[in-house]
Structure formats: structure tokens, C-alpha cells
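So the structure is just underneath, and the comments pick up after that.
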Amino acid sequence: MAKCIAVMLHFRNVAMSVRCVGSLVSEGVDALVIVDNSEDGGVSVRELKQELEGASIKVDYIEPGRNLGFSRGVNEAVRLISRRERDVDVLLINSDATLIPCTVEHLLQAVSGTSPVVAAPSIDGPTGLVPARTFYRHLTATISPVGPGWRGHALLGGACLMIHRELVVAPLFDESFFFYGDDIEFGYRMTRRGVPLVDVPAGVVVHQGSGSSQNGSLFYEYHMSRAHLVLTVKLGYGVAGCVLLAVSRMLFLVLRAAVRSVRFGSLRPWRGLAMAISDLARGKLRTLTPPAERLGS
């Protein structure tokens, strides 16, 4: 099998990360970079190292001591890989994901040519088995399985991506995004570059979902609202287009906050939206990573 190096972001849940690594080992992956985003004083990554000691996979650890988010975390791993290796494909996988047999083989076949390609397997998640390739519609800020509509572009689900060796250059992802929206911007940028985004239905990633964030938490509400607003200036529109997108996003986000506030019986959606607007206006970013002892509260 052709060579690839895997990248996984670890966030506190040792058992989940061990399952993911075990899946990689069973798929024949023999090299892995783990970025510790746990921000827990190194407690969980020390346990993870003990669990993986003796495993038949070479593991490099990046331990920044704080949560870098998805984009920067992946970029740090890509920088490490590109300094050491040439002509190697990179497999990005979420720590809350596992692969069915032969998925890596199918993904490597999809990127085996000389031209840059990004490939992803089908996703078996909370809503069932779905294709990895979907479409982001700019005007409505919605994801569609059937096409981009009048204004939109393709993207691949970020639970598992195989990155062609020619693309393994940092920054791979836009660090304006912390945890959400990066896959949408990445899909747009790759589409603009003419890089095919290939769905590989012969492979499947089983994705638990919300492995490092809790739906409805302040972390989730803040970063999701922030991502929607940041995207308005990342999709190639002029000043007038960005203003119109921003206005439509604000209307959408206000409606979203109202619905979710009722759904969860909480003001967190409103608070997250207000904080996102305030921070973007001031050029700030709060990670809102919960203290380790409060994880899941």
C-alpha cells in the first residue's frame, strides 16, 4: 500500500482516541501525528501515551499546552510532516471516528495520481450513512446533498480526509476558523484552485459526532455563530456582496438563536451570538475551552 501519515487531534477522551488509533493500525497506517488540544495540563495525553506504548504505529506528539482548534492544530501537524517527509499523502481523521476495513486503501487509490486531489469516504454518523461530498449554498448558509444551487460550492465532510501529497503544505486550513466553518472555506478554496473533491463510497468512516464539543454548549454556540459570520468574507464576494451576506447571516443567526434557545431552554445561543459579534468587531477570539473538570457539564 502507498505511504500515508495520519493526523489526529486529541481532546481529553483517551478511550475514544485509542479506538481511533486502533482503527488506523488495523488499516495498515504505520505513522501518526497526534496534536493534544486537551488543555488539561497534559493529564490525558500522558495516559494516551501509556495506552499506545508498544502499538505497531509510530506516533509523534505535538503538545502546545492549549487548545489550538482544528485549523491551527492540523496546520501544526502538517508543518511537522512537511519538514520531515516528501511525497507522502496525509490522512486527517477525527478522534471520534473509526474506519471500516479497506477504507484507507480506497482513499489512497483515489489520490494516487500526480494531480492534487482531496478524497473522503462516506460518513456513517448520527443521521445514518451519507456521502462525504455535499454542497454549501452561499445565500442560505445551508448544506445540500443535491447541488450548489445558484451560488455555492462543493465540500467534503471533515471527519476523514485524504490529502494528496502536493497539497501537504502549511497552512492547509484557514486559521481564521477555530472549530467550525473550516471545511466550508477549504472546499471553496480547493474548488477555486480546480482541485477535485472526490467522494469515495467504497470507504466508510464511522463518526460519533460532537466528540470534543457539546451541542448547545456556549463553546458550540459561540464558535458556530462566529464561523457563519467569518464565512461572509471568505467566499470571494466584493464589498457589496459581503455586506449583503453579512446582513442575511445576521437575520439567519437571530432566528437560529431564538429557535435553539427555546429548544434547549437556555440563553446560551443568544449569549454565544452576542459574544461572536462583539469579538469579531474587536478582532478578538475566545477559545472557550471548558476547564477539564467541567468537561460535559
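The values are calculated or read from the model by the stated rules, or taken from the named source; none is laboratory data. What you see is a predicted model; the values in this text were computed from it and never measured. Note that we place each Cβ from the backbone using ideal geometry, even for glycine, and neighbour counts take in every protein chain shown. The area values use the complete protein model at the heavy-atom level, side chains included, leaving out ligands, DNA and RNA. Shrake-Rupley method; radii C 1.70, N 1.55, O 1.52, S 1.80 Å.
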Exercise. Does any residue in segment 107-127 that is assigned to a strand (DSSP E or B) come within less than 6 Å, Cβ to Cβ, of a residue that is polar (S, T, N, Q) six or more places away or on a different chain, and which pairs are these?
Worked result: Pro121/Thr103
Seminar exercise, completed: Considering residues that are outside any helix (DSSP H, G or I), in contact with a helix residue (DSSP H, G or I) (Cβ under 9 Å, 6 or more places away or on another chain), of a type in the set (Gly, Ala, Ser) and under 19 Å from Thr289 (Cα atoms), the number found within segment 15-66 is 2
Seminar exercise, completed: Of Ile57, Ile93, the only residue that is within 19 Å of the chain's Cα centre (by Cα) and of a type outside the set (Gly, Ala, Ser) is Ile93
Exercise. From Arg286, Arg249, which residue is farther than 16 Å from Asn215 by Cα, open to solvent by 70 Å² or more (accessible area, probe 1.4 Å) and within 25 Å of the chain's Cα centre (by Cα)?
Worked result: Arg286
Exercise. Going by the structure shown, is Asp183 of a type in the set (Asp, Glu), closer than 30 Å to Thr289 by Cβ and crowded, with 17+ Cβ neighbours inside 10 Å?
Worked result: yes
For this session: Return yes when Leu80 is under 23 Å from Thr289 (Cα atoms) and not charged (D, E, K, R) and no when it is not.
Result: no
Problem set entry | One residue from Tyr220, Tyr237 being aromatic (Phe, Trp, Tyr) and part of a loop (DSSP other than H, G, I, E, B) | Tyr237
For this session: Please go through segment 186-244 and pick out each residue that is within 15 Å of the chain's Cα centre (by Cα), small (Gly, Ala, Ser) and within 21 Å of Asp279 (Cα to Cα).
Result: Ser213, Ala227
For this session: Report yes if Ala31 is small (Gly, Ala, Ser) and at pLDDT below 95, otherwise no.
Result: no
Problem set entry | Given (1) open to solvent by 30 Å² or more (accessible area, probe 1.4 Å); (2) in contact with a strand residue (DSSP E or B) (Cβ under 9 Å, 6 or more places away or on another chain); (3) in a helix (DSSP H, G or I); (4) not polar (S, T, N, Q), index of the condition Met190 fails | (1)
For this session: Check segment 268-278 and report whether any residue there is open to solvent by 40 Å² or more (accessible area, probe 1.4 Å), under 16 Å from Phe178 (Cβ atoms) and in a helix (DSSP H, G or I).
Result: yes
For this session: List every residue pair whose Cβ atoms sit under 8 Å apart, with the two residues 6 or more apart in sequence or on different chains, where the first one lies in segment 4-32 and is over 27 Å from Arg165 (Cβ atoms) and in contact (Cβ under 8 Å) with a residue 24 or more places away in the chain and the second, anywhere, is polar (S, T, N, Q) and open to solvent by 20 Å² or more (accessible area, probe 1.4 Å).
Result: Phe11/Ser212; Arg12/Ser212; Asn13/Ser212; Met16/Gln208; Arg19/Thr98
Seminar exercise, completed: Contact list, first residue from segment 144-157 and closer than 26 Å to Leu91 by Cα, second anywhere and of a type in the set (Asp, Glu), beta-carbon distance below 8 Å, six or more apart or interchain, is Leu155/Asp183; Leu156/Asp183; Leu156/Asp199; Gly157/Asp183
Seminar exercise, completed: Output for Cβ contacts, cut-off 8 Å, separation at least six or different chains, first residue assigned to a strand (DSSP E or B) in segment 193-208, second open to solvent by 20 Å² or more (accessible area, probe 1.4 Å) and basic (Lys, Arg), reads Leu197/Arg133; Val198/Arg133; Asp199/Arg133
